[in-house]
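Shown next, in structure tokens, is the structure this report addresses.
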Amino acid sequence: MSEKMMGVLNYAAEPHSVELREMPIPEIGEDDVLLAVQAVGVCGSDLHQYHGKQSWKVNYPVVLGHEFGGFVAKAGSRVKNFKEGDRVVSETAAVVDPRSPYVRAGTYNLDPNRLGFGYGVHGAMTRFVRVPERCLHQIPAGLSFEKAALTEPCCVAYNATCMNLHIRPGDSVAVIGPGPIGLLCTLMAKLCGANPLIVVGIPADAKRLAVAKEIGATHIFGAQGEDVAARIRELGDGYGVDAVIDAAGVSAVLKSALDFVRPGGQIVKVGWGPQPCNFSLDQLVQKAVTLQGSYSHNWPIWERVLGMLASGQIDLEKVLNRIAPLAEWQSCFDAMHKGEIVKAVLKP
């Protein structure tokens, strides 16, 4: 095993402070494995850090990448449930305090002191990454590393759509933002029986809105710059949709969600951005809308989603658009940022 490896390093807060650098292979502790990365997804949060527009604290310098799977290359002395050669994917909560009440309750995703791969500690856009055993899940037989690497964003979408919303078959649902998470939320809403299922974007989203139609959206709005609220009201009884999934990375989109939702309806906000909102929340009160935030995921969601991926119930064929070597990280970042593709996976 070489003592050095290449990694996609976010080395400073200034925009575009990301480059491929040589670095040492990490040492592991007794409860860790050294994971030989076989596939790592490019996430919108990686793009935010690349452009210096993230909403979270970053421990620079840090290797990007938190959607990943690979082989166990080496196991620490106290690792009990995994061995060298196992095919695994990893959750994102790289560092947690076992004394935290959230960790004890199994909702470690909500612990404000946790640190994640790719911003708090080194991530997986490299050859090897140190991973605590508690983060690991076996990849089911027949599921490729490339698709398994997208378990994490699928878990984000499952938590937002299937756990934090209550969708019944026949409910009308609008998804705002046809990025990777928005499109995966669309897949989840379809599985829940949403109909009509509307995906909303802007003219720059034309390609991704077309993908939304391919994966089950009954209507796509915004590519022509039309009055989306009016179009949504035309679809039903005129009062709006039962539920809105806000998967856009701009805070002010919440105003559109409040415009689209019917009185007594639900909004789940899974997209986030540092911008101020600058609008009144009176509609939230007047419509008696339930507004729910959704963040990350935990162990049972991972197990559920891995089973759904393995069975084909979650179909990623239209979402996973590019598989590329690590050296092509920048062109993958740019293609996703421009909306030319939905999702890229890098192979270190």
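Descriptive notes on the structure:
- Estimated FRET transfer efficiency when R0 is 51 angstrom, pair HIS16-ARG168 (beta carbons, to 0.05): 0.65
- Members of LYS57/LYS190; LYS53/LYS74; LYS269/LYS338; LYS213/LYS255 lying beyond 26 Å, as alpha-carbon distances in this model show: LYS57/LYS190; LYS53/LYS74
- Accessible area, probe 1.4 Å, largest first, for residues HIS51, HIS166, HIS16: HIS166, HIS16, HIS51
- Dividing the summed -39500 (n - 2.57) terms of all DSSP H runs of n ≥ 4 by the residue count of the chain sets its mean residue ellipticity at 222 nm at -6500 deg cm²/dmol.
- With protein chains left intact and a 1.4 Å probe, residues in the stretch 282-348 average 50 Å² of accessible area per residue.
- Carbon and sulfur %, accessible surface of the stretch 224-348 computed with the full protein complex present, 1.4 Å: 50
- The simple spin-label model puts a point 7 Å past each Cα toward its Cβ; for LYS57 and ARG78 those points are separated by 2.6 nm.
- With a simple spin-label model that places each label point 7 Å from the Cα along the Cα-to-Cβ direction, the separation between TYR295 and ASP259 comes to 2.9 nm.
- By the Stokes-Einstein formula, at 1.306 mPa s and 10 °C, the stretch 1-110 with its Kirkwood radius over alpha-carbon pairs has D equal to 100 µm²/s.
- Sequence-separation-based contact order of the stretch 115-223, relative, with Cα cut under 8 Å and 6+ spacing, percent: 19
- Values (i) 24.0; (ii) 17.0; (iii) 18.1 are given for comparison; mean projected area of the Cα convex hull in nm², derived from the coordinates here, is the one labelled (ii).
- Burial order of peptide ranges 330-338, 29-37 (average beta-carbon count within 10 Å, highest first): 29-37, 330-338
The values are calculated or read from the model by the stated rules, or taken from the named source; none is laboratory data. Everything numeric here is computed off the predicted structure, so don't read it as measured data. Glycine gets a Cβ as well: all are built from the backbone with ideal geometry, and neighbour counts include every protein chain shown. With ligands, DNA and RNA removed, areas are computed over all heavy atoms of the protein, side chains included. Shrake-Rupley method; radii C 1.70, N 1.55, O 1.52, S 1.80 Å.
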